[in-house]
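Please treat every number below as a calculation from the coordinates, not as lab data. What you are looking at is a predicted structure, and each value in this text was computed from that prediction instead of being measured. Cβ atoms come from the backbone with ideal geometry, glycine included; neighbour counts cover every protein chain shown.
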Amino acid sequence: MDSKSAAHLLHEIVALLELQGEDPAVPAPFADAARSLAANEGQPIAELLRRDRRRFAPEVIEVFEDLKATGGSTLLDRLRESTPEGLFEMMRVPGLGPSRIRRIHEGLGIDTLQELESAARDGRLAELPRFGARTAEQVLRGIAWLKESGAQVLYPHGRAEAERLLAVVRRQQGVVRAEIAGAIRRHCETVREIEIVAACAREPEAVAAALARAPGVRDSVGSGSREVSIRYDDGIRLLLHCVSAEEFVVTWFRATGSEAHVAEVTARAALRGLTLDRRQLRRSDGGVVELADEPALYAAIGLPWLAPELREGLGESEAAADGSMPRLIELGDIRGALHCHSQYSDGGATIAELAADARRRGWTYLGISDHSQSAFYAGGLTAESLARQHDEIDAINASFSDFRVLKGVEADILPCGRIDYPVEVLDRFDYVIASVHSRFGMNETQMTDRVLKALEDPHMSILGHPTGRLLLTREPYAIDMDAVLQVAGRLGVAVELNADPHRLDLDWRLCRTASRHGARIEIGPDAHSVDGLENMALGIGMARKGWLTADDVINTRSAEALVAFARQRRRPAS
């Protein structure tokens, strides 16, 4: 690694140490080293160590030696994994440094961009010590800059903004119906622009113009037409389609589907002698086909209605036409969640609190999967702590007749491919989620071999967040997922679709590959609080995009069937 790349890595270490509230003396040596490396840009680290080793503090030397040996940094991996995912998202806001983010997180419990914006608007941020109204306004300007620059946001933030603007559009005089379209309606994991279609009882151009002149609008493009792009003072961008009531169905369909999906459906319409123009479906004689709703549109061209999340142009039209489109999983199919962290590691809720909320949702079980001992940065459990936790779970279960708390763990897949904890400890769990939390810099061969070795362990029930990505902030590590999914299917190991909005990993595009290889999916909320259980709904949306059925997902099974699935590989051969 050259000095420029190493300096970038050191700067990230400094930022994360500050974010975690370390004493200023802790990040100082790394900051000094980064500045020193900037003066030697392009030189290999090995050469700098040979020539100027005494210039650097011992802890910096340790990072350099790690880089030389492995191409990565154990310290950086540890800091990344012990930092809440949402704080990385907040670090994208211009002018919002690590120390401020830490004070916001500790003072208000905020760890998402959406929550930060809400706190800046409602006055909570200004009330924090050493903040004030001016700082809150600076934060809002920074978030607005992100939006104006076309930066993507995570699905939940985009959805919340879309619903707020939808209410504005629906209140506009002359609007008889308005609906969200575009990437949000398709349940895409990130969103760049909000798209809304409005049916109007008066001239659509007049309605569009009125909305483009509404309070809070900074500027607009397309004034005088039915389609206008509006930019608001807070940076939000809205693409608004105003049409007559008769044109609503086709316009909503077009504004929802990807270009590939719309092209497929248009081509199928042509085979039936129909023309799907911008706003209406027409017969060969030019007459308009009246459409009450989207199912009527699809039926007119010989297809069953396709759920919006499927409309990506990836073969869904052909599958619908030949009857091979499966019945997609629904939230009501879920019977419990398995990836949940309690106060025993890095979660914020007790086991009893998580269980009570799971019962309220109609689930019949909840798995507690706190971190294993190697994840000391996340409060990983020692064997002694596990004994106390399991006693507590037994006591909670004794109070229920219709609900069960399962004893799970999220165990680290160590760099050598071994799963954390000795065999006698792993034997005590109802199921084991095994995940990579370190050494992300391995090359594809190394990382693939590491995970494949872990899959061979008969204690592994579920491969957790299999590519390690954090949306908008960290790329997936290099790994051959086709090979991993093939082996998982052969061995009977489930693969997680981690439903944390920062992860959504397994990527929905790989769900069909998993199904093809016979690998089952576990949808895990990765909940670190009671509110985190709500992530399950987002996971269902991604599973549906990946064409998954209830049979594909293991947490649609009963607790007994799930435990049997997890333990089947531990049985000795007869």
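Key figures for this structure:
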| item | result |
| --- | --- |
| Beta bridge orientation in region 417-574: antiparallel %, DSSP, nearest 5 | 20 percent |
| Burial order of peptide ranges 146-155, 526-535 (average beta-carbon count within 10 Å, highest first) | 526-535, 146-155 |
| HN-Hα J in Hz across region 317-325 - Karplus 6.51, -1.76, 1.60, θ = phi - 60°, x for Gly and Pro | 5, 5, 5, 5, 5, 9, x, 9, 5 |
| Within-10-Å neighbourhood charge of Val530 [Cβ basis; K, R +1; D, E -1] | -3 |
| Beta bridge orientation in the chain: antiparallel %, DSSP, nearest 5 | 45 percent |
| Kirkwood hydrodynamic radius of region 257-325, from inverse mean 1/r over distinct Cα pairs, in Å | 12.2 Å |
| Order by protection proxy (mean Cβ within 10 Å, highest first), peptides 407-420, 327-340 | 407-420, 327-340 |
| Computed over region 141-275, Cα set: Rg, Dmax in Å | 15.3, 52 |
| Reachable aspartates and glutamates, given that their alpha-carbon falls under 18 Å from the alpha-carbon of Lys453 and they are not under 8 places away in the same chain | Glu410, Asp412, Asp420, Glu444, Asp480, Asp482, Glu496 |
| Positive minus negative residues near Arg520 (Lys, Arg vs Asp, Glu; Cβ under 10 Å) | -2 |
| Estimated distance in nm for a label pair at Ala352 and Ala25, the labels positioned 7 Å out from Cα along Cα-to-Cβ | 4.2 nm |
| Cut-off under 5 Å, modelled amide H: who pairs with Ser374 long-range | Asp412 |
| Gain upon complete extension [Leu49, Glu106; 0.36 nm per residue less C-alpha separation] | 16.7 nm |
| Positive minus negative residues near Gly142 (Lys, Arg vs Asp, Glu; Cβ under 12 Å) | 0 |
| 16 Å reach of a label modelled at Asn397, 7 Å along Cα-to-Cβ, counting backbone N of region 551-570 | 558-568 |
| Positive dipole terminus of the chain, leading residue within Ser99, Ala375, Tyr365 (C-beta point charges) | Ser99 |
| Structure-derived P(r) over Cα pairs in 20 Å bins from 0, in percent: which label, when the choices are [x] 19, 47, 30, 4, 0; [y] 18, 40, 29, 12, 1, 0; [z] 22, 60, 18, 0 | [x] |
| Gain upon complete extension [Arg388, Gln173; 0.36 nm per residue less C-alpha separation] | 71.2 nm |
| Mean ellipticity per residue at 222 nm, deg cm²/dmol - from DSSP H runs of n ≥ 4 across the chain, formula -39500 (n - 2.57) | -12500 deg cm²/dmol |
| Karplus 3J(HN,Hα) series, Hz, for region 259-273 with 6.51 cos²θ - 1.76 cosθ + 1.60 (x for Gly, Pro) | 4, 5, 5, 4, 5, 4, 5, 4, 5, 5, 4, 4, 5, 9, x |
| Vicinal HN-Hα couplings computed from phi for region 540-556 (Karplus, 6.51 cos²θ - 1.76 cosθ + 1.60; Hz; Gly/Pro x) | 5, x, 5, 4, 5, 4, x, 6, 7, 9, 4, 5, 6, 10, 6, 8, 9 |
| Per principal axis, descending, Cα span of region 85-151 in whole Å | 32, 25, 17 |
| Segment Ser223-Asp531, extension gain: residue separation times 0.36 nm, minus the distance between their alpha carbons | 106.7 nm |
